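Throughout, read-outs are computed from the coordinates displayed, never taken from laboratory work. The structure displayed is predicted, hence computed values, not measured ones. All Cβ positions, even for glycine, are placed from backbone atoms using ideal geometry, and neighbour counts span all protein chains on display.
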Amino acid sequence: MAEFDVIIIGGGPGGYVCAIRCAQLGLKTACVEGRGALGGTCLNVGCIPSKALLHATHELHEVHENFEKMGLMGAKVKVDWAKMQSYKKDVIDGNTKGIEFLFKKNKVTYLQGWGSIPAPGQVKVGEDIHTAKNIVIATGSEAAGLPGIEIDEATVVTSTGALSLAKVPKSMVVIGAGVIGLELGSVYARLGAEVTVVEYLDAITPGMDAEVAKGLQRILTRQGLKFVLGAAVQGVDKAKGKNTVRYSLRKDESAHAIEAEVVLVATGRKPFTKGLGLEALGVEMLPRGQVKTDSHWATNVPGIYAIGDAIIGPMLAHKAEDEGMAVAEVIADKHGHVNYDVIPGVIYTTPEVACVGKTEDALKQEGRAYKVGKFSFMGNGRAKAVFQAEGFVKILADAATDRILGAHIIGPSAGDMIHEICVAMEFGASAQDMALTCHAHPTYSEAVREAALACGDGAIHA
Ligand code: NAI
C-alpha cells in the first residue's frame, strides 16, 4: 500500500495550496521542498519580499513628495538599507513560518529536501523513497536570463539578487520593461538610483492594454525612470565598479551602450523541472520547456500531474494556487475547475496597474463589437485627497449584451479593486449590473462604478 495518497513536489503557492486542499479533502498528503523554507519563489524571493520593499519605498516617496503638502513638517527621513533588508527578512520569515503552521494544522507531512521521481508512484527525497498514489509536480520557474549575460547576483542580477543588493546603487539598468523590471526599477528609483529601463518592444508591459501601458510609462517617467524602447540588449561587459550594457536600436540597428553600477536582467522566467527525472519517465514536455498536461492537469504518465509555472499559462502565483486547489479536487474524484478567462494581473507600482479579461486589441482582433466605459481618477474625491488622482478605470463590455469582457485599471489600490470586476465576470454580469450596485463613498471603487455607468448613459463625475 502506498505511504501517501498524494505527494506534491514543490512548496510554492501552487504546491502548498494544493497540499492543504488535498489534506482538507481527506487525502494523506506530503509536500516536498528543497529550499529550506516553504512558500517558493513568491514568499522567499518574489512577490512578498518585493512588496515589502515597494511598501517601504512608497512610504519614503510619500514623506519626500507629499508630507509637506499635508502640513507634516520635519527633518527628511533617511534610509537605513540594512534595516530595510531586515524588515524584509522578518516579513518573509513570518509568511513562510505561517505555511509550516498551516501544514501542521492540516496534517500535511513536510518532506525537506529536493525531490525526484525515480518511477511512477515513487518520490525520492535525499536517500529515502516515498510511495504515493498520485504525484503533483509544482516545481515553479526560474529566471530565464539572456544568452551572453553572466548573472553573478551581485552586480548583474535577476530579481533574486535585486531584492538583496549589498547597497543601494547609484545607477541601475533594468533589461525588460515587464512586471519585475518595473516593480524593482521603481524600488531603486525611489531610493535615489538613476534607473534606465531598456526594452526590446516599442511599449512597456507586453500584453497589457495599450492605453494603460502608455499611461504607466508617462507616470513612471515623471517619477524619474528613464525608458529606452525598441532596443535589443546584446550583452553586458563587466568591469570593477561598473557594468556596460550594450544594445542596438531596432529601428536603425545603431549600436549603443549605457554604464550602470547594477544591471537587473528581467527578461522573463522559464519552467524549472531540472532533476525530477521526467525524461526517463517519458513525461511529455512542450517546446518551451513546460510539462504537457490535459485539461485536468494530468501528464501522459498515469498518476503524475503538474500545475503552476511548470505548465503552460501566465506565471502568476494566484494562477498556480487555483490550479493547486483544482487538481486536489480532481485527485479526490471531485470537479476541479479553473476559469482561465478571469485571471487578474497586477503590477504593484505606484499607482498600481490591474487588468482582467480581454484587452481592446484582443477584441479588435476577434472582430467583436464592444463598448468602452472609462473614468478618470481626477473625478474621484478620495483619490484626489491623497494625491493619487492619476490614472483611470476602463471597462470593456459587449456592444449588444452589455456583458463585461474585460477591465483595465491604473490607479490607487487597482490590485484590490479589480476583484469586484472579476466576481462580476464570473457571474456573467453586465456593466449595468455593476453600475446599479451601490458603492460606498468616498472610496476608490466608486471609479469602477463610474466606468460601468460610462458604458451606459454616462458617468456622473466625468
Ligand atoms: P515579462 O515577460 O513580464 O517581461 C520581460 C520583458 O523583457 C518583455 O517586455 C520583453 O520584451 C523584454 N525583453 C526580452 N528580451 C530582451 C532583450 N534582449 N532586450 C530588451 N528587452 C528584452 O518578464 P518578467 O518581468 O521577468 O517577469 C517574469 C514572470 O514573473 C512574468 O510571467 C510575470 O508575470 C511574473 N511576475 C509577476 C508579478 C506580479 O504579478 N506582480 C511580479 C513579478 C513577476
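Using a Cα distance threshold of under 14 Å, what count of lysine pairs results for segment 345-454 when pairs must be 8 or more residues apart or interchain?
4
Set the Förster radius R0 to 35 Å, insert the Cβ-Cβ distance between Glu426 and Lys292 as r into 1/(1 + (r/R0)^6), and round the FRET efficiency to 0.05.
E between Glu426 and Lys292, to the nearest 0.05, is 0.80.
Tell me which GluC sites (Glu not before Pro) from segment 284-352 have a DSSP coil assignment and no more than 12 other beta carbons within 10 Å of their own.
Qualifying residues, ordered by number: Glu284.
Among the DSSP beta bridges whose two residues both lie in the chain, what percent are antiparallel, rounded to the nearest 5?
Close to 60 percent.
Between Ser86 and Glu366, what is the label-to-label distance in nm when each label sits 7 Å out along the Cα-to-Cβ direction?
5.3 nm
Taking the alpha carbon gyration tensor of segment 156-267, what are the square roots of 5 times its eigenvalues, largest first, to the nearest whole Å?
Sorted largest first and rounded, they come to 21, 18, 11 Å.
Can you pull the one-decimal nm distance between simple spin-label points at Ser254 and Ala400, each 7 Å off the Cα toward Cβ?
That separation, rounded to one decimal, is 5.1 nm.
Provide the gained length on full extension for the span Lys274 to Lys334, in nm with one decimal, where the gain is 0.36 nm per separating residue minus the Cα-Cα distance.
That works out to 18.5 nm of additional length.
Hey, what's the per residue convex hull volume over the C-alpha atoms of the chain, in cubic angstrom?
Per-residue hull volume (Cα only) is 172 Å³.
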